[in-house]
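Everything on this sheet refers to the single structure shown next.
Coordinate-derived values only; no laboratory data. Please read these numbers as outputs of a predicted model, since none were measured by experiment. Positions of Cβ are backbone-derived with ideal geometry, glycine not excepted, and every protein chain shown enters the neighbour counts.
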Amino acid sequence: MSADELLREAERVMTICNACRYCEGFCAVFPAMELRRTFAAEELRYLANLCHNCRGCWYACQYAPPHEFAVNVPRALAALRRTTWQEFARPKRFSGLFRRNGLAVLAAGLAAAAVFLLWGALSAESGLWAARSGAGAFYRVIPYGAMLGVFSALALGALAALAAGLFSFLRQTGTKASEFFAPGHQLRALKDVLRLTYLEGGGHGCNYPDERFRHGRRRLHHLVFYGFLAAFASTTAAAFYDHVLGLPAPYPWLSLPVLLGLGGGLAMTAGLCGLMVLKARMDHEPADEEGRGMELAFLGLLLAVNGTGLLLLFLRETAAMGVLLALHLAAVAAFFALLPYGKFVHALYRWAALVKNASEQSKAG
Amino acid sequence: MSLEDPLRREDCDVLVIGGGNAALCAAMTAAEAGARVILLESAPRSFRGGNSRHTRNLRFLHRKPTPYLKDAYLEEEFWDDLMLVTGGKTTEALARLVIRESEDLGEWMEAHGAMFQPPLRGTLHLARTNAHFLGGGKALVNAYYATAARLGVEIRYEAEAVDLEVENGRFRFARVRERGAERLVSAAACVCAAGGFQADLAWLKEIWGEAADRFVIRGSPFDTGRVLRTLLTRGAKAVGDPRQCHAVAVDARAPRFDGGIVTRLDCVPFGIVVNREGKRFYDEGENFWPKRYAIWGRLVAGQPGQEAFCLIDAKALPLFMPSVFPPVTGRTIGELAANLGLPVGAVEETVAAFNRAVRPGRFDPARLDDCATEGIAPPKSHWAQPLDCPPFYGYPLRPGITFTYLGVAVDERARVLREDGRPCENLFVAGEIMSGNILGQGYMAGFGMTIGTVFGRIAGREAARHVRG
């Protein structure tokens, strides 16, 4: 379906839901819907990004197919959500990356791997396959300046693209910057993000991967989310050690960067594997099948970042270090390069939608 | 082996016919008491649950607040509420039994998988009396089916009981049509919980004639009343007015069956209602809508062509819950009338007369305000405001049948009463098929589910007791 057709379908479904409202206890979408009588494109884009895909409303729906109303809220909103990410993406010329995202991620990953392996092979003193140890061992494979340059550029580029994406979200959902940046609304949204309030299904969990109410998905997502934060903290600590304290990597096992990185990496790996297992078992009817490639690519890429990172940590004293470092850096580079053009943006726009939700619900009282 | 063979083992201990709330409560209760239970649901799995799938809440007695119910709701108030809606048309012993046995029903339901939510916007007037199912009736039915399966109940979809063999008040077996084939299912006891007959169009026509062709059936197309009719022809005593049904005004564009909640229209108190001749026929502002919506089905059914049209103006549009179909619009009353296919002159005249008759007052949808008409018949007693704010909107209305009142007489142990008043020893009923014992007329939100749950449990318990001794 085209973006226009997806908008029309979401409008049709929301109009039926708004006359029913039985699902208002599940998540934020329905109370937000109840503040409206009609659904213009900008409101639908917002509602689509507010939906956490908990699927409570799918199993509870008296109008789900084969009923002639054929209401399928999770699918309608997930499909629309996917197209909104493409619309929000900046610079626009990269928005096409959302369309064949699985392929894009795979190509970026392979290209990055080739580049870093070649680079390592050319720049490492005694070739890639050689044991190295001691401070600065990594930089003897890929030089410090190059590493810093490449990753700073990728991270800054990703950050700028995400920021531009956020502003197009605000514009295309009719959200005023003043309401968005209000600290009170940000605080409430932060709580919803950190808790994943709307995967709690009113306290019983969400209907994922099947009809039963379970907390599994929320807990696995927490592992990934908090694992990601820990890994991010690990990188920050390492940067501080390196640039401020003048202590270059690798770090001993009992150091802040390694402990955070190891904990975060293990948590994320466990969470990602769990999410993949759930995804393999999930009911397909409420799913947006066209978005599947992007979701798997995102899980796969994160898993590659984690797997190579953990392997590098465990095998850093061996001759495999050089290859593993090149592969880890390649995965991280691909991750940053495609950060604004893949499933990662769900975090950005969900947060933005939750802030808008906090704002309008506080106004509604 | 013939069914006469005394050594023949029954197919099951308890056969439950029906697949909605009452049937599930009976099946779960009987299974918990140790009975082997088969449940026959005539619908396919995706439409299981009868009319229960369209419900939203249930009313029960409680002495203290719960996370999803405010304050207390005690027997006398409950009883008074029932008296108010039925006008005394009830069987006091059975009604009081339901009310008393409903005490803390929420806890039992939660123990069987039900989930509740506090009421949000829109249903706050029920916050003290009615517990709302998280996700509505279909979610409740899903939870009950899962629990029943876990308890070992054998669930058969698309299995319709087309006849019952009852001998001297004793159930022996059911004739069951299942995926094209017909077979007999025997049981030591049987619970019939298969609903009313509102989805049997031919039956409706027997009662209301051609007019029934224009009725919308709000609920399940599988509630054909076949089991009800079988019981009545097999000697069960009838109860409830066979000619009455609960009917509300729904959007005329609603599907013939199963439109459920979304086709209702709450605009009547904020506009005027005309028939196809363009004439008003009843006081639209007689009382609050929750107290009046249930008479409008019959009012519309009494109009030519069983149709009517609610007209409002732009200022009234935000005052009521949105409905599923967009209103027909017009920049002028005449244009609106034309777009609705109504006689333009007559509608213009009706609106002009109405607008002239509106007396000034302080409009307030939250109370019975003093905005009324003067000098026209019928009057509009409250919320009368001139239709003068374009654009104008119109909704076509038809009668929408929720359920029928005819049922089977029961005793306090849910046993079917025979025409001579004696109870059947192993034949039980629960739910809409017997709610006419208690709701002789009118309706009270969430009380059908209360009757179904309470009598479902009684029927399941008594059926198991009959089998197990």
Item checked: Test item: Cα-centred dipole of segment B:247-400, Lys/Arg +1 and Asp/Glu -1 on Cβ, debye -> 260 debye
Checklist line | Average beta-carbon neighbours from other chains, 10 Å sphere, peptide A:200-207 | finding: 3
Next item on the list: Could you check the simple spin-label distance between A:A233 and B:A353, using points 7 Å along Cα→Cβ, in nm with one decimal?
Entry: 7.8 nm
Check: In whole Å, how far is the Cα centre of segment B:171-223 from that of segment A:190-259?
Finding: 56 Å
Margin query: Can you order the peptides B:344-355, A:128-139 by their average number of other Cβ atoms within 10 Å per residue, highest first?
Written below: B:344-355, A:128-139
Item checked: Ascending count of other beta-carbon atoms within 10 Å, so fewest first, for A:M282, A:M33 -> A:M282, A:M33
Notebook entry, point to check: Add -39500 (n - 2.57) for each DSSP H run of 4 or more in the protein assembly as shown, then divide by its residues: what number comes out at 222 nm, to the nearest 500 deg cm²/dmol?
Noted result: -14000 deg cm²/dmol
Next item on the list: Kindly put A:M294, B:M449 in sequence by how many other C-beta atoms sit within 10 Å of each C-beta, fewest to most.
Entry: A:M294, B:M449
Margin query: Given axes a ≥ b ≥ c from the Cα gyration tensor, I'd like to know whether segment B:127-223 is rounded (a/c under 1.5), prolate (a/b larger than b/c) or oblate.
Written below: oblate
Next item on the list: Treating cross-link reach as a plain straight distance, find the lysines whose alpha-carbon is under 19 Å from the alpha-carbon of B:K70, omitting any fewer than eight places away in the same chain.
Entry: none
Next item on the list: For A:Q361 and A:F240, compute 0.36 nm times the residue count separating them, minus their Cα-Cα distance, and round to one decimal in nm.
Entry: 39.5 nm
Margin query: I'd like the orientation of helix B:344-357 relative to chain B: the angle between its Cα long axis and the longest Cα principal axis, in ° from 0 to 90, rounded to 10.
Written below: 80 degrees
Notebook entry, point to check: For the protein assembly as shown, what is the charge dipole size about the Cα centre, in debye to the nearest 20, if Lys and Arg each add +1 at the Cβ and Asp and Glu each add -1 at the Cβ?
Noted result: 1700 debye
Item checked: Listed residues A:S255, A:P74, A:V13: farthest to the positive end of the dipole of chain A (Cβ charges) -> A:S255
Next item on the list: Measure off 7 Å from each Cα along the Cα-to-Cβ vector at B:R253 and A:R219, then give the distance between these two points in nanometres to one decimal.
Entry: 4.8 nm
Next item on the list: Pairs of Cα atoms under 8 Å, at least six residues apart: use those to get the relative contact order of chain B, whole percent.
Entry: 23 percent
Margin query: Please report the net charge: other residues with Cβ closer than 12 Å to the Cβ of B:E425, K and R +1, D and E -1.
Written below: +4
Notebook entry, point to check: In whole percent, what relative contact order does segment B:247-400 give with Cα contacts below 8 Å and a gap of six or more residues?
Noted result: 35 percent
Next item on the list: Would you mind calculating the gained length between B:R100 and B:T329 on full extension (0.36 nm times residue separation, minus the Cα-Cα distance), in nm to one decimal?
Entry: 77.4 nm
Margin query: Once you order the gyration tensor axes a ≥ b ≥ c over the Cα atoms, which shape class does chain B get: rounded for a/c under 1.5, otherwise prolate or oblate by comparing a/b with b/c?
Written below: prolate
Margin query: Taking every pair of distinct Cα atoms and averaging 1/r, then inverting, what Kirkwood hydrodynamic radius in Å comes out for chain A?
Written below: 21.9 Å
Notebook entry, point to check: Pairing the Cα long axis of helix B:447-468 with the longest principal axis of chain B, what angle in degrees results, from 0 to 90 and rounded to the nearest 10?
Noted result: 10 degrees
Note to self: What's the ranking of B:410-417, B:193-200, B:215-222, B:153-160 by average number of surrounding C-beta atoms within 10 Å, highest first?
What the structure shows: B:193-200, B:215-222, B:410-417, B:153-160
Margin query: In chain A, once you exclude exposed GluC sites (Glu not before Pro) (DSSP loop, at most 14 other Cβ within 10 angstrom), what's the longest stretch remaining?
Written below: A:126-316
Note to self: Using Cβ counts within 10 Å as a stand-in for footprinting exposure, how do B:T263, B:T29 rank, fewest first?
What the structure shows: B:T263, B:T29
Margin query: Over 19 Å between Cα atoms: which of A:K356/B:K315; A:K92/A:K356; B:K138/B:K291; A:K191/A:K356 fall into that group?
Written below: A:K356/B:K315; A:K92/A:K356; B:K138/B:K291
Checklist line | Inter-label distance for B:A146 and B:E178, nm, one decimal - labels placed 7 Å from Cα along Cα-to-Cβ | finding: 2.5 nm
Notebook entry, point to check: Which of the listed residues, B:S52, B:L105, B:A33, is farthest toward the dipole's positive end in segment B:1-115, when Lys, Arg count +1 and Asp, Glu count -1 at the beta-carbon?
Noted result: B:S52
Next item on the list: Under a 10 Å cutoff between Cα atoms, tell me which one of A:S178, A:S123, A:S152 has the largest fluctuation in the Gaussian network model of chain A.
Entry: A:S178
Margin query: Which of the three applies to segment B:297-399, rounded, prolate or oblate, going by the alpha-carbon gyration tensor with a ≥ b ≥ c and a/c under 1.5 meaning rounded?
Written below: rounded
Notebook entry, point to check: Over what distance in Å are the Cα centres of segment B:343-361 and segment B:22-76 separated?
Noted result: 48 Å
Notebook entry, point to check: Using Cα pairs under 8 angstrom and six or more residues apart, how large is the relative contact order of segment A:1-52, in percent?
Noted result: 39 percent
Notebook entry, point to check: Along the charge dipole of segment B:247-400, which of B:P390, B:W289, B:T263 sits closest to the positive end, that is, farthest toward it, with unit charges on the beta carbon of Lys, Arg, Asp and Glu (+1, +1, -1, -1)?
Noted result: B:T263
Check: Which whole number gives the average count of other chain Cβ atoms within 10 Å of the Cβ atoms across peptide A:62-69?
Finding: 6
Next item on the list: Using only atoms on other chains, find how many Cβ atoms lie within 10 Å of each Cβ of peptide B:128-139 and report the average.
Entry: 6
